[in-house]
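A.B. asks: Here it is, the structure, as structure tokens.
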Amino acid sequence: MPSRRRFFALGASAAAALATSRTADAQTTKGRTGPFGPTSPAGAQKEAAADWKDPLLRLVRRITMGLTSEEVALARKLGYAGYLDYHLKAHAIDDAALDTTIATLLPMTVLTPQQLGAGDQGEIANQLSDSVLYRAAFSKRQLKERMVEFWTDHFTVSLNKVGYLKMVDDRDVIRANAMGKFPALLKATSESGAMLVYLDQNRSRTPTPNQNYAREIMELHTLGVDRGYTQIDVAELSRILTGWTTTGPGTFSFNTVFHDRGAKTFLGKAFPAMANTATVAMQKSEGDEAIQMLVDHPNTANHISLKMARWLLAYDPPQSVVDATAATYKATGGDIPSMIRTILSAKNLTVSPAKYKRPFHLAASALRGLGAQVANVRSVRQRADQMGQPMFYWEQPNGYPDRIEWWSGLVLGRWSFMADVANRNTAAQTRIDSMLFRSPDNADGVVAQINARVFGGEMTTTFKSQLLTYLKAGTYTDARVRETLSLALSAKEFQWF
Amino acid sequence: MTDEHFDAGCTEYHSLARRDFLMSATGFGIAAFLPTWLPSVVLAQSATSRDIIISVFLSGGVDGMSIVAPFGDPDYYTGRPSLAIPRPDAAGTGPKLTALDNFFGFSPGMTPLMPAYTAGDLLVAHATGSVNTSRSHFDAQRYMEVGKPADPSVTSGWLGRHLATSTPMRSTAPLRALGLTTGLPRTLSGAPKTLPVPNPANAAIGGSNATSVARSAWLAGNYAAATDPVSANALDTTNTLSLLQSINFAGYRTANGAVYPTTSFGNALRSAAALIKADVGVEAIHAFNGGWDTHATQGPVARGVVVGGVTSSGYMHDKMMDLSGTLAAFYADVVQGNTPYGVTVVVVSEFGRNARENGNNGTDHGRGNVAFAMGKKIAGGKVITNGWPGLARENLENGQDLRVTLDHRDILAEVVQNRLGNPNLSMVFPGFVAKMRGVTQP
């Protein structure tokens, strides 16, 4: 019986939709029989990571936006633990050159909220989107970039709704706390103008509070859906949070006129009524206390740990890893690097199945693998957006899905992007120097360079010969080499990390 | 696959097998993969009477009481002072509802659908929705898309399972269903030969035309050798490419002078119409129409128009005009136009919104809602309910929300059985016995 169940649970076909039970939504790990995750009962599916022999390269794939020769060399020098440690201490990595470049190329990224409010809103949105792809591709703090993407989804704010406030949120809230402590990050989002506007908290006032933020801070940001709270708690938290609003260019403020001073009960705790003489600080402290209750709630530790393990390790992470990560959360006060260290042990990573690159990740990894020289990222970023993941444009507060079934049908846009990017050769915008790969300048040389630069030397014999066959099927020209590069990056082997 | 002939004597046998099937229905080659021992499945057969289905999901939780307002319920007016639209028979020249019967009326933004309604081809259901009480967008939407409330083990979608338990309408079709989406909608999860195609009119591998065929062939080879779950999609894609490229979307001419709004939803259904008329074997299309999460300044009538002393932002009105204008164009172009197959459209949303407005001229997450079905063989021209629960506080769920008295799956199931010709309702809607509500015509 169990094997038949697995047949249905894991999907008898190779259709991507059928990978559902391996995805974020899988509730069990039944059927996990091999070291690289579920083995198809149909006997047809080989795990995408099966050809990845080197644990160190697995780590580089997991904690960066894609392999480069330089990153692989660094990892080899530092070893597994040393390399992970290097990236966990993101603040210690000197990224000043990148900061200077971005401040020069995309000057709106360093404007004050006041200046942003008066600026060209379309250009601000473009510079924000440009800057995140540029940073993802070229920052030395690669693990931080992975976590910025994660937190950007976890604390999603729609650029369409909040405009320039997202520029401030990305810089001063998400990036400032992405590798810090979760409670600090949560509190920063709860006072972020972008979040308060996005979830209508800024306009919530007694006696008819708006429940939008009160619901999502529990459902999405902390406890997890229906984990330990009721409809009544949603309503009560919305009353507690009345008064949390913004003033001026998205600056947090507490407005006593909006606040409900009546008695409330939230998650079983009584919040007594306050006199109208209560100070601003006293009235706001109810919300601070409620948020602290969420921080301390075991369901928050579990929920954040599950999502982080899913992000960093596997769509369907082992419960033991989730539990261990939750224990780290409790022991360290929600220290994000410590939780990552728990998740990404060599023992955990070497048995984890590969994950499918989402489009943003894929675009960054292509720019990295190709050694792109980018003077103006806009056109290539706009092209990447067409793959289906324009950053900050997911409208709903749950963020872009971390589920393979959502992404795996979108192959065409990925192939088209690779055809586009491999042919870019404009110094003022994006330039791929094909001579990097034409060394020695013949078909075998090109494939050898692709193997070394893009795949960390782990290309299979079959894959190499497929590329050689394409290269040799036409005259050896620069155009043929670039097409071969685009195919290498479109190939199934490049889609996973 | 190797244990299909497992002991069939096990008492739990049938129920277990069936339950597991739901967790992830089979993919390509349904005839090959659908286990012969699965007892109750008789594949729905091709028949000229089978309709193509267009499934529309209004994400964000549409305020059904703004779309189809219950003007016959006085609490509609007392609970929504700044949102309620005056009765059809109200005095004066201001905005008013258009009566659908003596109780419900269309908002001004929905009137483009009146021709379909009066022709008897558009059915409205009210106080409908999921029996699942979640007011979480994501949970509510998820369980509506999978077609079984509150069961996290079911991961495939109701429409996906319909397709998995039906023979293809055209056996050679490379693409049976698509989502006009940037990702695969859960509604279609589990369907064979099904892809998200965000823009069917622009389906091509970029790069040099001279080598596109060779590159497509190379990719087919590369993914054929693959064994991961992306591969079948890749192979379907290479087949679908040539199919879509054979259709002249840009030059598509609508029937009956239909004009689609130039919105993303309008463009999506225009592409759907072109695909249907191209007669390439596509039998199900899913589209999202989002942005209905109107917590504030909802704007139930045109911008600048005053209702209840409040000047409307026009936000939801514009959304309704997009929705109704697109569906009306599709109605004229496809339902009334010449198509090789009949077409049925269904429209649902994850939940309705609070019976009473909030302090921001908006509405928070609620429960009971509207749903629509449209087609030549839909028994339309009426608003159906399973008893209007009423908007007085004591009649509301949690004192806040219109109750759900009509499981939306009744509507979908009747369409699946009678218009899509699939008798396997227990597979499409597991654990649910649908009541036929007279949604379809014989």
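Readers should treat all values here as calculations from the given coordinates under stated rules, not as data from a laboratory. All of these numbers come straight from a predicted model, not from anything done at the bench. Positions of Cβ are backbone-derived with ideal geometry, glycine not excepted, and every protein chain shown enters the neighbour counts.
A.B. asks: Could the peptides A:440-448, B:56-64 be put in order, highest first, of the mean number of other beta-carbon atoms found within 10 Å of their residues?
C.D. replies: In decreasing order of mean packing, A:440-448, B:56-64 become B:56-64, A:440-448.
A.B. asks: Moving on to the next point. Using a simple charge model, +1 on the beta-carbon of Lys and Arg, -1 on the beta-carbon of Asp and Glu, nothing else, what dipole does segment A:199-296 show about its Cα centre, in debye to the nearest 20?
C.D. replies: 280 debye
A.B. asks: In segment B:51-428, how does Rg compare with the Kirkwood Rh, expressed as the Rg/Rh ratio over alpha carbon atoms?
C.D. replies: Rg divided by Rh gives 0.99.
A.B. asks: Right, next: For the peptides B:391-404, A:92-105, B:149-162, what is the packing order when you average, over each peptide's residues, the other Cβ atoms within 10 Å and list the highest mean first?
C.D. replies: For the peptides B:391-404, A:92-105, B:149-162, the packing ranking is B:149-162, B:391-404, A:92-105.
A.B. asks: Among A:339, A:152, A:435, whose Cα projects farthest towards the positive end of the dipole of chain A, with charges put on the beta-carbon of Lys, Arg (+1) and Asp, Glu (-1)?
C.D. replies: A:435
A.B. asks: Output the antiparallel fraction of DSSP beta bridges having both residues in the protein assembly as shown, as a percent to the nearest 5.
C.D. replies: Counting only bridges with both partners in the protein assembly as shown, antiparallel ones make up about 55 percent.
A.B. asks: While we're looking at this one, here's another question. So which trypsin sites (Lys or Arg not before Pro) in segment B:276-359 end up in coil per DSSP with only 13 or fewer other C-beta atoms within 10 Å?
C.D. replies: Qualifying residues, ordered by number: B:303.
A.B. asks: Comparing B:351, B:249, B:429, which has the greatest mean-square fluctuation in the GNM of chain B with Cα pairs linked when under 10 Å apart?
C.D. replies: B:249
A.B. asks: Under 1.5 on a/c is rounded, so check that first for segment A:161-314, then, if it is not, pick prolate when a/b is larger than b/c and oblate when it is not; a ≥ b ≥ c are the square roots of the alpha carbon gyration tensor eigenvalues.
C.D. replies: Note, shape of segment A:161-314 comes out oblate.
A.B. asks: Here's another thing I want to ask about it. Could you check what % of the DSSP bridge pairs in chain B are antiparallel, to the nearest 5?
C.D. replies: Within chain B, antiparallel bridges account for around 40 percent of the total.
A.B. asks: I've got another one for you. About its Cα centre, what dipole magnitude does chain A give when the only charges are +1 on Lys and Arg Cβ and -1 on Asp and Glu Cβ, stated in debye to the nearest 20?
C.D. replies: Dipole of chain A, to the nearest 20 debye: 1160 debye.
A.B. asks: Determine the relative contact order of segment A:326-454: mean sequence separation of Cα pairs under 8 Å and six or more apart, normalised by residue count, in whole percent.
C.D. replies: 25 percent.
A.B. asks: While we're here: Work out the charge dipole of the protein assembly as shown with +1 on the Cβ of Lys and Arg and -1 on the Cβ of Asp and Glu about the Cα centre, then indicate which of A:295, A:165, A:315 is farthest towards its positive end.
C.D. replies: The residue sitting farthest along the positive end of the dipole is A:315.
A.B. asks: Which residue fluctuates most in the GNM of chain B (Cα springs below 10 Å): B:112, B:261, B:74?
C.D. replies: B:74
A.B. asks: As a check on your grasp of the helix formula, calculate [θ] at 222 nm for chain A: sum -39500 (n - 2.57) over DSSP H runs of n ≥ 4, divide by the residue count, round to the nearest 500.
C.D. replies: -15000 deg cm²/dmol
A.B. asks: Also, quick follow-up: Is there a simple number for the mean count of other chain Cβ atoms within 10 Å of the Cβ of residues in B:153-162, and what is it?
C.D. replies: Mean partner-chain Cβ count within 10 Å for B:153-162: 4.
A.B. asks: While we're on this one: Considering only the other residues whose Cβ falls under 13 Å of the Cβ of residue B:417, what net charge follows from Lys and Arg at +1 and Asp and Glu at -1?
C.D. replies: My count for the surroundings of residue B:417 gives +3.
A.B. asks: Counting Lys +1, Arg +1, Asp -1, Glu -1, what net charge surrounds residue A:452 among other residues with beta carbon under 14 Å of its beta carbon?
C.D. replies: Neighbour charge sum, excluding residue A:452 itself: 0.
A.B. asks: Could you give me the ³J(HN,Hα) list for segment A:407-418, computed from phi with Karplus coefficients 6.51, -1.76, 1.60 and θ = phi - 60°, whole Hz, x at Gly and Pro?
C.D. replies: Taking θ as phi minus 60°, the curve returns 9, 6, x, 8, 6, 4, x, 5, 5, 5, 4, 5 Hz for segment A:407-418.
A.B. asks: Nearest 10 degrees is fine. How inclined is helix B:231-245 to the longest principal axis of chain B, computing both from alpha carbons?
C.D. replies: Rounded to the nearest ten degrees, it is 70.
A.B. asks: How charged is the neighbourhood of residue A:161? Take every other residue with its Cβ under 15 Å from the Cβ of residue A:161, and add Lys/Arg as +1 and Asp/Glu as -1.
C.D. replies: Here the charged neighbours net out to -3.
A.B. asks: A follow-up question, please. What is the average number of partner chain Cβ atoms found within 10 Å of a Cβ in B:175-181?
C.D. replies: Neighbouring Cβ atoms belonging to other protein chains average 1 per residue here.
A.B. asks: Mind pulling the angle between the C-alpha long axis of helix B:209-224 and the longest principal axis of chain B? Nearest 10 degrees, somewhere in 0 to 90.
C.D. replies: 80 degrees
A.B. asks: Based on DSSP H runs of at least 4 residues, each adding -39500 (n - 2.57), what is the mean residue ellipticity at 222 nm of chain B after dividing by all its residues, to the nearest 500 deg cm²/dmol?
C.D. replies: The per-residue figure over chain B is -7500 deg cm²/dmol.
A.B. asks: Report the relative contact order of segment A:199-296, percent, no decimals, based on alpha-carbon pairs under 8 angstrom and at least 6 residues apart.
C.D. replies: Computed over segment A:199-296, the figure is 26 percent.
A.B. asks: Something else: Could you tell me which of rounded, prolate or oblate describes segment B:178-331, using a ≥ b ≥ c as the square roots of the eigenvalues of the alpha-carbon gyration tensor, with rounded for a/c under 1.5 and, failing that, prolate when a/b is larger than b/c and oblate otherwise?
C.D. replies: prolate
A.B. asks: If you don't mind, another one. Work out the mean other chain Cβ neighbour count within 10 Å for the residues of B:200-209 and drop it here as an integer.
C.D. replies: Counting other chains' Cβ atoms within 10 Å and averaging over B:200-209 gives 5.
A.B. asks: Of the peptides A:393-406, B:92-105, how do they stack up when ordered by the mean number of other Cβ atoms within 10 Å, highest first?
C.D. replies: Packing proxy ranking, top to bottom: A:393-406, B:92-105.
A.B. asks: Pairs of Cα atoms under 8 Å, at least six residues apart: use those to get the relative contact order of chain A, whole percent.
C.D. replies: Averaging sequence separation for qualifying contacts and normalising by length gives 19 percent for chain A.
A.B. asks: To the nearest 20 debye, what charge dipole does the protein assembly as shown have about its Cα centre, counting +1 at the Cβ of each Lys and Arg and -1 at the Cβ of each Asp and Glu?
C.D. replies: The dipole magnitude comes to about 1180 debye.
A.B. asks: Could you tell me which residue out of B:365, B:351, B:178 lies farthest along the dipole of segment B:51-428 toward its positive end? Charges go on the beta carbon: Lys and Arg +1, Asp and Glu -1, centred on the Cα centre.
C.D. replies: Checking the options against the dipole of segment B:51-428, the answer is B:178.
A.B. asks: Write down, largest first, the equivalent ellipsoid semi-axes of segment B:374-414 in whole Å, where each equals the square root of 5 times an eigenvalue of the alpha-carbon gyration tensor.
C.D. replies: 27, 11, 7
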